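See below for the structure under consideration.
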Amino acid sequence: MNYKLLIYNIRYGTGRGWKFHAPFPFSGFLRHTRINIEKIADFISKISPDIVGLIEVDGGSYRHYGENQAEFIAQKLGYRFNYNSKYRDGSRTGFIPFMSRQGNAVITKQNMTDSKIHFFDKGVKRLVIELEMEDVVVFLLHLALSYRTRQWQLNSLFKLIKQVNKPVIVAGDFNMFLGERELELFLAATGLMNMNTKKEFTYPSKNPKKQLDFILHSPQIQVKDFKVCAEAVFSDHLPVFCEFEVDHK
């Protein structure tokens, strides 16, 4: 089966650029996001992916007038959505205003066989969304800012992947500030491959200098197209798009 997948860290719809820090640093996090989210939804509509992995989604704070951004986009496009907070129930982070409404989401127009929520044991951002389709399983994640914590999380992710008996896609914001070399052991252990063979950068969106956003895949998955969408400058990250099919041989 053929799939189109889009991965996008949308920064809670708060935008990018120097205006984000005016009149004081990070003040952009306090602004309303409806207009920018509508632009993001229009961009996704033009791409028309089967599956969209959204990182840094506002689950319903006043920034989006109490409405879940993933639900808003899904309804606008006629997709299904699966949202969850990035923070495990009972965590102190989840009680902080704004942060309690911060999460990740998957929206899709394909039928889902199953979906699961996992949490890493370490890190502030611990959420992993597992989405099972007919012949592929997609893991969506946002790894920690700390190098050491990222390595702990990759070890936990390896264990999750080994429990799956279908080809796998692992995608999201990996925060690999040291580059793809951070993934060498993980790729060797899992057998996964990086779709971004040209090492295109995804961050920051205005003048990309780092590859933070990744799509990894099992050998049974045949990549038909891959690109970093440089035209979509609605966040501090650029979205990553791919088209693939599963080889059943």
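The values are calculated or read from the model by the stated rules, or taken from the named source; none is laboratory data. Note that this is a predicted model, so its numbers are computed, not measured. Reconstructed Cβ throughout: ideal geometry from the backbone, glycine too, with neighbour counts over all protein chains shown. Heavy atoms of the whole protein, side chains included, go into the accessibility calculation; ligands, DNA and RNA do not. Shrake-Rupley method; radii C 1.70, N 1.55, O 1.52, S 1.80 Å.
Can you find a residue that is of a type in the set (Lys, Arg) and in a loop (DSSP other than H, G, I, E, B) anywhere in segment 165-186?
Looking through segment 165-186, at least one residue is of a type in the set (Lys, Arg) and in a loop (DSSP other than H, G, I, E, B).
Search segment 218-249 for residues being aliphatic (A, V, I, L, M), more than 17 Å from the chain's Cα centre (by Cα) and surrounded by fewer than 21 Cβ atoms within 10 Å (Cβ to Cβ), and hand back the single one that is farthest from THR14 (Cα to Cα).
Per the stated criteria, the residue is VAL246.
List pairs: first in segment 116-131 and without any contact (Cβ under 8 Å) to a residue 40 or more places away in the chain and assigned to a strand (DSSP E or B), second open to solvent by 10 Å² or more (accessible area, probe 1.4 Å) and aliphatic (A, V, I, L, M), Cβ under 7 Å, 6+ apart or cross-chain?
Close Cβ pairs (under 7 Å, with a partner that is open to solvent by 10 Å² or more (accessible area, probe 1.4 Å) and aliphatic (A, V, I, L, M)) amount to VAL128/LEU160.
Could you check segment 41-67 and list, in sequence order, the residues that are touching a strand residue (DSSP E or B) at 6+ places or on another chain (Cβ under 6 Å) and either open to solvent by 10 Å² or more (accessible area, probe 1.4 Å) or not aliphatic (A, V, I, L, M) (or both)?
Passing the criteria: ILE47, PRO49, ASP50, GLY53, GLU56, GLY59, HIS64.
Which one of the conditions (1) over 16 Å from ASN175 (Cα atoms); (2) in contact (Cβ under 8 Å) with a residue 40 or more places away in the chain; (3) buried (at least 21 other Cβ atoms within 10 Å of the Cβ) does ASP135 fail to meet, given that it meets all the rest?
The number of the failed condition is (3).
In segment 5-33, which residues are under 20 Å from the mean Cα position of the chain (by Cα) and more than 24 Å from PHE174 (Cα to Cα)?
THR33
So which of PRO25, PRO49 ends up being part of a loop (DSSP other than H, G, I, E, B) and out of contact with any Leu (no Cβ under 8 Å at 6 or more places or on another chain)?
Answer to the check: PRO25.
Look through segment 73-85, keep the residues that are out of contact with any helix residue (DSSP H, G or I) (no Cβ under 6 Å at 6 or more places or on another chain) and in contact (Cβ under 8 Å) with a residue 24 or more places away in the chain, and return whichever of them is surrounded by the fewest Cβ atoms within 10 Å (Cβ to Cβ).
Only one residue tops the list, namely GLY78.
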